[in-house]
1. Residues that are away from the ligand (no atom under 16 Å from the Cβ): which strands (runs of 3 or more DSSP E) entirely in the range 293-361 hold 3 or more of them?
2. Among the residues of the range 135-168 satisfying the criterion of being among the charged types (D, E, K, R) and out of contact with any helix residue (DSSP H, G or I) (no Cβ under 6 Å at 6 or more places or on another chain), which is surrounded by the fewest Cβ atoms within 10 Å (Cβ to Cβ)?
3. Filter the range 47-66 down to the residues that are surrounded by fewer than 22 Cβ atoms within 10 Å (Cβ to Cβ) and in contact (Cβ under 8 Å) with a residue 24 or more places away in the chain and list them by number.
4. Does at least one position in the range 192-214 carry a residue that is crowded, with 20+ Cβ neighbours inside 10 Å and either not assigned by TED's automatic domain parsing to the domain that holds Ala326 or not in a helix (DSSP H, G or I) (or both)?
5. If a residue must be in contact with a strand residue (DSSP E or B) (Cβ under 8 Å, 6 or more places away or on another chain), within 24 Å of Ile316 (Cα to Cα) and of a type in the set (Ser, Thr, Tyr), how many such residues does the range 122-165 contain?
6. So, in the range 288-313, how many residues would count as being buried (at least 17 other Cβ atoms within 10 Å of the Cβ) and more than 24 Å from Asn220 (Cα to Cα)?
7. Being within 13 Å of the ligand (Cβ to nearest atom) and of a type in the set (Lys, Arg), is that true of even one residue in the range 109-126?
8. Is there any pair with a first residue in the range 163-177 that is within 20 Å of Lys132 (Cβ to Cβ) and a second that is hydrophobic (A, V, I, L, M, F, W, C) and at pLDDT 80 or above whose Cβ atoms are under 6 Å apart and which are 6 or more apart or on different chains, and what are they?
Amino acid sequence: FSLLKKILDRTATSKANLPPSPWRLPVIGNLHQLSLYPHRSLRSLSRRHGPLMLLHFGSVPVLIVSSAEVAHEVMKTHDLKFANRPIGKVTMNFLKGGRNLLLSPYGEYWRQMKSLCVLHLLSNKMVRSFEKLREEELNMMMEKLEKASSSSSSVNLSETIFNMVNTVDIFIAGTTTTSTLLEWTMTELIRHPETMKKLQEDIRTHSRSGSYVTEEEIGNMKYLKAVIKETLRIHPPAPILIPRQLSEDVKLKGYDIAAGTQVIINAWTIQRDSATWGSDAEEFKPERHLDSALDFQGQNFMYIPFGSGRRQCPGIGFAMALAEVALANLVNRFSWKVEARTVGDDDQYHLAEAFGVEVCRKFPLIAFPSSL
Ligand code: HEM
């Protein structure tokens, strides 16, 4: 019976209309076509095979989504079917049977954990109640920067930001993502002095007090919000989001996709797509967000740094509260310079990426603060 089932399954698969696939090797499938930077190699493959392609990581079928239109189909039209996460036996044991919000299977346990997070733990009210804690942590960081500024020495800004974020909260998902966001924001601002100047003007116009910019004052800082939005567009900390898994067969864009297939949504490619973002899609331009209604809620699939649908990130408010006030204070009190490099290309050095849980800078950002 099992032999017959295998033959029937194989016949059914061969009749199915599968999405385009690049050629693959036995045993390893398409793994050899991925570099250390999967979001970049997946974009090159999608340019040849289209915005919906089927790869095999070993024997595991993985669907790769590289356009806003297909992302809409996955995270909106068929969101329920794609609401699972792939989780291997080792991870399952490590996480005590998947009892973890990020990776737990879609079901009652996940539903309860997510609503606990959204309604209580990470609600607007709760996030606001941590304001004093954020102020305390930021003031400690500012003191360290003042010392560096008065002795004209440099600081490892990547490490300083990481420490500031990681002594505020304890979530794996919520710590490195926020420090990575701030690290890329400072990198782009130091690379674009005109943008830095406009941001400092925006902060000065809207803050009454002297040294500490408060969270209340940030509400009106449109340019500051645009700078953070643009950083999340061009350097999304989770460029291929967090993989999902299909729980039942589905027809996607006319192709047959089998239950169990894993799904990678390449937000990095989608957010740099010149068809939707224009010919300057690869450039850092916060101005593009000033008159735009785009937000972080994942309703417009050309911009999905926090994902979308049921499995969307519940920590948006938490991350933004800290990122906005930290950035405002970092650039309000100091002007920033990086050491002139004697060898190599500056852009290549500052934009080099390290791929891990998220994509951060390969080399730490070493910068000189000087008090304004
Ligand atoms: C800049 C900061 C952050 C970014 C860019 C980010 C991004 C993401 C992304 C892309 C996902 C997957 C969404 C999907 O599958 O559609 C996710 C899920 C998640 N994030 Fe975040 N995140 C950030 C901050 C945070 C914070 C501060 C917390 C908590 C304090 C958090 C907790 C989570 C959790 C628990 C999930 C899993 C949700 C689920 O599977 O239902 N994140 N995040």
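1. In the range 293-361, 334-338 are the strands (runs of 3 or more DSSP E) which contain 3 or more residues that are away from the ligand (no atom under 16 Å from the Cβ).
2. So in the range 135-168, the residues among the charged types (D, E, K, R) come out as 135-137, 143-144, 146-147, 159.
Adding the requirement that they be out of contact with any helix residue (DSSP H, G or I) (no Cβ under 6 Å at 6 or more places or on another chain) leaves 135-136, 143-144, 146-147, 159.
Working: Glu135: 15, Glu136: 11, Glu143: 9, Lys144: 15, Glu146: 15, Lys147: 12, Glu159: 14.
Filtering first and then ranking leaves Glu143.
3. Arg48, His49, Gly50, Leu54, His56, Phe57, Gly58, Ser59, Val60, Pro61, Val62
4. Looking through the range 192-214, at least one residue is crowded, with 20+ Cβ neighbours inside 10 Å and either not assigned by TED's automatic domain parsing to the domain that holds Ala326 or not in a helix (DSSP H, G or I) (or both).
5. The first filter runs over the range 122-165 and keeps only residues in contact with a strand residue (DSSP E or B) (Cβ under 8 Å, 6 or more places away or on another chain), leaving 144-146, 148-150, 152-158.
Okay, now just the ones that are also within 24 Å of Ile316 (Cα to Cα), so 157-158.
Next, only the ones that are of a type in the set (Ser, Thr, Tyr) stay: 158.
Number satisfying all stated conditions: 1.
6. At the first step, the residues of the range 288-313 found to be buried (at least 17 other Cβ atoms within 10 Å of the Cβ) are 288-289, 296, 298, 301-309, 311-313.
Pick out the ones that are also more than 24 Å from Asn220 (Cα to Cα) and you get 301-302, 307-309, 311-313.
The qualifying residues number 8.
7. So far as the range 109-126 goes, yes, one or more of its residues are within 13 Å of the ligand (Cβ to nearest atom) and of a type in the set (Lys, Arg).
8. Within 6 Å, the pairs are Met164/Met141.
The values are calculated or read from the model by the stated rules, or taken from the named source; none is laboratory data. None of these values were measured; they are calculated from a predicted model. FYI the Cβ positions are ideal-geometry reconstructions off the backbone, even for glycines, and counts take in every protein chain you see.
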